[in-house]
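The structure under discussion appears below in the form of structure tokens.
Only the coordinates and a few stated rules stand behind these numbers; no lab work does. Since this is a predicted model, take the numbers as computed values, not measurements. No Cβ is skipped: glycine too gets one built from the backbone with ideal geometry, and neighbour counts run over all protein chains shown.
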Amino acid sequence: MTLTVDIERRLGSFRLKTAFEAGGGVTALFGRSGAGKTSVINAIAGILRPDSGCIVVDGSVLFDSKRGIDVPTPRRRVGYVFQEARLFPHLSVQGNLRYARLFSRAPETAGHFEHVVELLGLAQLLDRRPGNLSAGEKQRVAIGRALLSEPRLLLLDEPLASLDTHRRSEILRYIELMRDEVKIPILYVSHAVDEVVRLADTVVLMSAGEAVATGAADEIMGRSDLPGAAGPFEGGAVIDARVVAQDLEFDLATLAFDGGTLTVPNVDALPGEPVRVRIRARDVSIALERPQRVSIQNVLEGSIAGIGVESGGVVEVAISIGAAVLRSRVTRRAVQQLGLAPGQEVFALVKAVSLDRR
Amino acid sequence: MFPTLEELQILGLSLKVALWSVLVSLPLAVAVAYSLARVNFPGKTLFDAAVHLPLVLPPVVVGYFLLLTFGRRGPVGILLEEWFGIVVMFKWTGAAIAAGVMGFPLMVRAVRLSFEAIDRKLEDAASTLGAGPLAVFATVTLPLALPGVLTGMLLSFARGLGEFGATITFVSNIPGETRTLPLAIYTYTQVPGGDESALRLSLLAVVLSLAALFVSEVMVRRATRRIMGDDADGRH
């Protein structure tokens, strides 16, 4: 799948001028509130009409101002999961799900309905009305409804925004399942770093109506120099790892990655499953010797790959650990006291608690 | 104490006139309400005012205009007679037209309000699921507006039952044809010894109105519950 978006639209004093390309898997549109993320997916769905530009999915043109093409929303075959679910209040859950089949332009796959119901755990809810569902249940039904219309592209607009922390991780788990089981490319709008890190393969970074950077998730999310990016507070490294062991007694998981292992609490995954961990630069300390009698559970041996420029007394240090690169934000004084220099052998210290995924 | 056969026939005629006026004006009222709620077109304010005119004009004036339009020499009257052989003058169909016109603004108002109250985001959601504009209207907009449509039907029905001025001006007061409940009550009060009949018919009108109110209330509540889920039933 390839999605090409190159659009311009004026909305009052705000100017949306965005161009990016996305492939298969999950592409995150990431940026602060008001960066224009939702406007972009509304344009892809045909709900918002750009002033000029083009939108192409897999070679089929959805919008092209030069050629005067503007495919109406119902014929775009784009699934949309809205922030507020938008279930039809006059239909039962079953009715909402079946509605997607009523007008779908895609041929029906046998057993698809049952599959989606099972995947999202909707069997118990089928006879209920949307008015009686919790926010999390509503969002699951909305995801199921969008999937059942068999779209060629799925748009998710901050589907977790209206949920509390506990429900968020539950729905996030369902979205991960959907990503791995249903091979539909997903465009995921979010301003939450943890969601993007967990789900996205590609990240399109948006700021003030523009796509300022596009790239692999670990690359974009690791950078702190981009406007509108995670920023110094949330920025860090993204590590692809795999669960190798679950210690049920202490509720700790051991994750293996290219360069070592990490101990992380509360990982909701079975041994063998891939997980993605974000290690914020501000949570990484540097030691010259392996510390003894210390509570820190993750001591990783590596070498300094580079030392960034100072800003406000703080310096970002890149540490190579095997094939992975960790980032550490330390004070300039610490760099001086330890005499840090590129190539130097160091230990990166990461508290297990700082990696809590909940 | 019980109503006579003649009085029951008057009641039957009134129900027939009011029901037909509601049924025939309903599709038109829904279309007008939808265009007022959703479509912007030049002259909309004027159109809106014209729709509301029967609400503010003296009913006799409306009846007179109907006479001019639907009468034997009126533009619509001539066409109706030429094309379909239909004459509405001095017929119960004419009374139904008068009732429909007088109730029209009430129906449009109720339906329009419920169209305006619908969350249009739901319509966007339906269109992303493949529903075209007509399908969206039939499967989302209209079902969600149902309580308003039912309210509008009741208001127009009640207005039609009570219609007097426009009816008597337009189709006169012909026993068995255009003498509906209010016209009959008026007639009985004008003749000696008619007081008893007038009172009985008035009581019938009260019963009828209460029944219509009750039925519509039940239907609206049921429709609302269907739309909002069981939570809207007052058990929070």
| query | Using the alpha-carbon centroid of each, what span in Å lies between segment A:77-102 and segment B:108-176? | reply | 25 Å
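What's the average, rounded to a whole number, of partner chain beta-carbon atoms within 10 Å of each residue's beta-carbon in A:140-152? If you can, show how the numbers build up before the last one.
Details: counts 0, 0, 1, 0, 0, 3, 3, 0, 1, 4, 1, 3, 0.
Per-residue shielding by partner chains comes out at 1.
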| message | Considering the Cα positions of chain B, please state its Rg to one decimal place and its Dmax as a whole number of Å. | response | 20.3, 69
| request: Using label points projected 7 Å from each Cα along Cα→Cβ, tell me how many nm separate A:R293 and B:V39, to one decimal. | output: 8.5 nm
| Using the count of nearby Cβ atoms within 10 Å as a rough guide to exposure, how do A:D6, A:D251 rank from fewest to most? | A:D251, A:D6
| Exposure proxy check: B:D124, A:D127 ranked by fewest other beta carbons within 10 Å? | A:D127, B:D124
| said: Once you order the gyration tensor axes a ≥ b ≥ c over the Cα atoms, which shape class does chain A get: rounded for a/c under 1.5, otherwise prolate or oblate by comparing a/b with b/c? | reply: oblate
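Kindly identify segment A:84-205 as rounded, prolate or oblate by the Cα gyration tensor criterion: order the square roots of the eigenvalues as a ≥ b ≥ c, call it rounded if a/c is under 1.5, otherwise compare a/b with b/c, prolate if a/b is larger, else oblate.
The shape class here is oblate.
Counting helices only, and only those DSSP H runs with n ≥ 4, report the 222 nm mean residue ellipticity of chain A as the sum of -39,500 (n - 2.57) divided by its residues, in deg cm²/dmol to the nearest 500. List each step's numbers first, then the result.
Working: 9 runs with 82 residues, N = 358.
About -6500 deg cm²/dmol.
In square nanometres, what is the average projected area of the Cα convex hull of segment A:237-355?
Details: hull surface 29.2 nm².
Average projection, Cα convex hull of segment A:237-355: 7.3 nm².
I need the Kirkwood Rh of segment B:54-192: take the reciprocal of the average 1/r across all distinct C-alpha pairs and report it in angstrom.
17.1 Å
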| task | In nm, give the distance between the simple-model label positions of A:V61 and A:K183, each being 7 Å from the Cα along the Cα-to-Cβ direction. | result | 2.9 nm
| note | Ordered by number, the trypsin sites (Lys or Arg not before Pro) in segment B:151-236 that occupy a DSSP loop and have at most 10 other Cβ atoms within 10 Å are B:R235
| task | Give me the distance in nm between label points sitting 7 Å out from Cα along the Cα-to-Cβ direction at A:V244 and A:S134, one decimal. | result | 3.6 nm
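Step through the table entries A:K17/B:K121; B:K16/B:K121; A:K17/B:K44; A:K183/B:K121; A:K138/B:K44, compare each Cα-Cα distance with 32 Å, and write down the pairs that go over it. Don't jump to the answer; show the numbers that get you there.
Values: A:K17/B:K121 24 Å; B:K16/B:K121 40 Å; A:K17/B:K44 36 Å; A:K183/B:K121 27 Å; A:K138/B:K44 39 Å.
In this structure, B:K16/B:K121; A:K17/B:K44; A:K138/B:K44 lie more than 32 Å apart at Cα.
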| field | Extension gain (nm, one decimal) between B:Q190 and B:K121, 0.36 nm per residue minus Cα-Cα | value | 19.0 nm
